[in-house]
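A short reminder: the numbers here are calculations on the coordinates, not readings from a lab. Being a predicted model, the structure only gives us computed values, none of them experimental. As a convention, Cβ positions derive from the backbone with ideal geometry for all residues, glycine included, and neighbour counts pool all protein chains shown.
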Amino acid sequence: MEIFISSDGRQKMFIDSVLCVAEEKRIILQSLGIDLVPIFPPRNIGCDSGDILERVLRIEGASLVFMNVTPIATSEEMPVINSGVCVEYGILLGIRRLEKCHLFCSKEYDRSEVSPLFHGRHIDSFRTDHQDNLKVLLNDYIDKYLARSTSEFEKRIQESSRTR
């Protein structure tokens, strides 16, 4: 199970929160035979940051994508989103896999300040002064994914036993 982290590298609290939750879950899931791997190319975690094809394949193969769409600056009164985050969102859009992408934005920004690219999508808010609420959201998304995957796996087992 891979979790792809899409965020500006300077938004350390978001990245560290995802890595912390992933490590906590990895320890629990390891006993069940599930290997959880976080991927964050700018820190060379899980893949080489310079290999664009590898990055595309890792996004495509990831079970979940946690994307931080918090603006990184303001230019002429317009918020600026990290271009890498926008490209990675575009990849998900192009391969029609937006269902595995979960968007996050700091509560410091109004939703109108988020790029129009993300309008119409659910965006979870998080506090930048405290990691707990973000970690709860991340844990919930991982748990929901695991529950869905387990349910689908059990259905396949039942269907294959009926056809025997």
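For the listed peptides 102-112, 116-126, a ranking on the average number of other beta carbons within 10 Å per residue, highest first, reads 102-112, 116-126. Derived scalar couplings between HN and Hα for region 5-11 equal 9, 10, 6, 4, x, 7, 8 Hz in order, rounded to whole Hz, by the Karplus curve 6.51 cos²θ - 1.76 cosθ + 1.60 (θ = phi - 60°), x for Gly and Pro.
Close Lys pairs in region 2-162, defined as Cα atoms under 19 Å apart and 8 or more places apart or on different chains, number 10. Between Y145 and C86, the simple spin-label model (points 7 angstrom out along Cα→Cβ) gives 2.6 nm.
Using a simple spin-label model with pseudo-atoms 7 Å out from Cα toward Cβ, D35 and H122 lie 3.1 nm apart.
Between R96 and D16, the modelled labels are 4.1 nm apart [label points 7 Å from Cα along Cα→Cβ].
The calculated FRET efficiency for S63 paired with S112, based on their beta-carbon distance and R0 = 30 Å, is about 0.45. Remark on V80: its backbone amide H falls under 5 Å from those of I72, A73, T74, S75, a criterion applied only to residues 5 or more positions apart or on other chains, H modelled at 1.01 Å from N.
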